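No value in this document is a laboratory result; all are computed from the given coordinates. This structure is a prediction, so every number in the text was calculated from the model and none was measured. Note that each Cβ is placed from the backbone with ideal geometry, even for glycine, and that neighbours are counted across all protein chains shown.
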Ligand SMILES: Cc1cc2nc3c(=O)[nH]c(=O)nc-3n(C[C@H](O)[C@H](O)[C@H](O)COP(=O)(O)OP(=O)(O)OC[C@H]3O[C@@H](n4cnc5c(N)ncnc54)[C@H](O)[C@@H]3O)c2cc1C
């Protein structure tokens with residue numbers, strides 16, 4: 001009991017500390033902006049310098065906003081965002097959108113979140129970075145080189161199988177089509193096997209069983225417990241939630257084949273499960289291979305990029321290169337959007353300091369409270385969980401709103417829900 005009270009007190013202290021850090025940061029930035037006005041320009045002949053940000057999801061989009069809105073008005077720097085997606089992908093709701101027809105809401109229009117930035121301060125490039133060298137980044141489609149004065153790597157993680165963890169499409173229309181195809185496949189299946197007992201697998205299996213109780217749904221997970229990176233309380237609650245819905249859960253088993261053979265899927269133990277749809281929810285990997293030519297030593301065996309506490313890359317030759325979000329090796333067991341956002345803000349602050357003649361002073365220290373998770377267990381139940389690695393707190397909620405956080409996410413990114421010019425609002429059925 002005392003330990004739990006300590007956990008709550010520590011969380012509240014962290015929240016106050018964060019608010020203080022943000023307030024102090026904005027006062028200091030304003031002060032530097034005023035100082036900057038009386039200085040000679042940092043570049044000769046009005047030359048424009050690029051702060052290139054690769055990836056505009058939680059980490060990159062927040063970095064872009066922090067930089068674009070805090071650079072002084074006469075700064076010679078501009079922000080260049082390189083991102084292949086036409087819209088921000090709201091990853092949290094992808095498992096649900098694989099089951100219920102809310103797919104349009106998972107794609108949030110880019111743009112309004114940066115609307116406070118002065119005219120011409122931000123340039124969007126809709127492409128993918130193929131490689132990076134000391135002078136610039138090379139684009140995949142246009143094959144152009146974009147030079148940088150500062151580089152921010154915010155390329156997160158990818159899933160080879162795409163859904164339900166990531167959408168393997170760049171345009172909204174293609175992404176919507178992929179989600180609709182998955183919904184159709186699940187609707188038409190009789191016996192569904194879900195592989196992977198992390199959040200995506202558990203949520204998808206639970207939603208599918210809730211919506212289609214007549215289907216036989218099996219979840220196969222290679223570890224001793226579901227949600228194995230979290231505490232035992234959440235693990236037990238996730239298993240119980242699936243059992244209550246009627247999902248069959250098989251632990252400590254791996255599939256022997258990656259596709260259905262003669263109406264079955266084989267497990268490594270020799271067991272065969274009848275199956276007409278297989279959904280793989282494993283295998284998210286950090287997206288860092290394009291950095292192999294520039295900083296091979298900084299890439300860890302798991303693919304994350306090693307950083308210093310200031311989030312500069314761990315390579316003394318590259319002080320102008322920063323890394324943030326899921327691709328950054330910052331000592332987090334469960335990478336999450338809150339820590340990606342906070343890292344983005346640290347990077348934004350440090351880059352603005354450097355771009356105004358200072359040095360990077362802010363550091364990122366992981367805080368366990370950022371890893372708070374809300375795991376849905378069917379369309380009307382969820383478990384929220386937080387742990388500092390020693391003590392865990394978790395509580396169950398009845399979800400009266402099946403819309404999850406769709407509208408909040410849109411508003412958070414300064415877009416009116418769900419105005420994207422092509423579809424009227426529709427409720428989850
Ligand atoms: C199903 C699911 C549910 C989740 N639920 C939660 C939750 O409830 N709470 C929470 O806090 N976190 C949650 N997460 C985790 C959260 O989504 C991630 O931590 C977060 O998305 C990380 O953000 P990021 O900006 O680092 O990278 P990503 O979101 O992975 O984005 C990377 C971006 O970089 C771009 N990119 C990649 N390569 C290139 C390239 N070569 N050139 C240009 N651009 C490139 C991509 O297009 C993408 O836009 C969930 C994740 C999943 C999959």
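To test your reading of the geometry: what angle, between 0 and 90 degrees and rounded to tens, separates the Cα axis of helix 199-211 from the longest principal axis of the chain?
Tilt of helix 199-211: around 50 degrees.
Can you order the peptides 296-304, 196-204, 69-77 by their average number of other Cβ atoms within 10 Å per residue, highest first?
Working: 296-304: 13.6, 196-204: 25.7, 69-77: 19.1.
In descending order of packing, they fall as 196-204, 69-77, 296-304.
Just the Kirkwood number for the stretch 97-216, please: inverse of mean 1/r across all distinct Cα pairs, in Å, one decimal.
One decimal place: 17.5 Å for the Kirkwood radius.
What angle, in degrees between 0 and 90 and rounded to the nearest 10, separates the Cα long axis of helix 337-355 from the longest principal axis of the Cα atoms of the chain?
So the helix axis and the longest Cα principal axis differ by about 10 degrees.
Could I have the simple spin-label model distance between residue 317 and residue 3, label points 7 Å from Cα toward Cβ, reported in nm to one decimal?
4.8 nm
Quick one: helix 2-37 against the long Cα principal axis of the chain, what's the angle to the nearest 10°, folded into 0 to 90?
Roughly 30 degrees, rounded to the nearest 10.
Would you please give the FRET efficiency between residue 384 and residue 143, computed as 1/(1 + (r/R0)^6) with r the Cβ-Cβ distance and R0 = 41 Å, to the nearest 0.05? Kindly include the intermediate steps, with their values, before the conclusion.
On the way: r = 47 Å, r/R0 = 1.14.
According to the calculation, E is roughly 0.30.
P(r) for the stretch 215-306, please, calculated from all Cα pair distances in 10 Å bins and given in %.
Distribution as computed: 14, 33, 27, 20, 7, 0 percent.
For the chain, what is the convex hull (Cα atoms) projected area averaged across all directions, in square nanometres? Intermediate values should be presented prior to the final figure.
Working: hull surface 88.7 nm².
Average of the hull's projected areas for the chain equals 22.2 nm².
Could you work out how far apart the two model spin labels at residue 285 and residue 264 are, taking each label as a point 7 Å from the Cα in the direction of the beta carbon, and quote it in nm?
3.1 nm
Write down the Kirkwood hydrodynamic radius of the stretch 332-429, to one decimal in angstroms, obtained as one divided by the mean of 1/r over all alpha carbon pairs.
16.7 Å
Can you give me the Rg/Rh ratio for the stretch 77-132, using Cα atoms for both radii and the Kirkwood formula for Rh? Display every interim value, and only then the final one.
Values: Rg = 14.5 Å, Rh = 13.4 Å.
Ratio of gyration radius to Kirkwood radius for the stretch 77-132: 1.09.
For the stretch 60-127 and the stretch 261-321, write down the distance between their C-alpha centroids in whole Å.
Here the two parts' Cα centres lie 24 Å apart.
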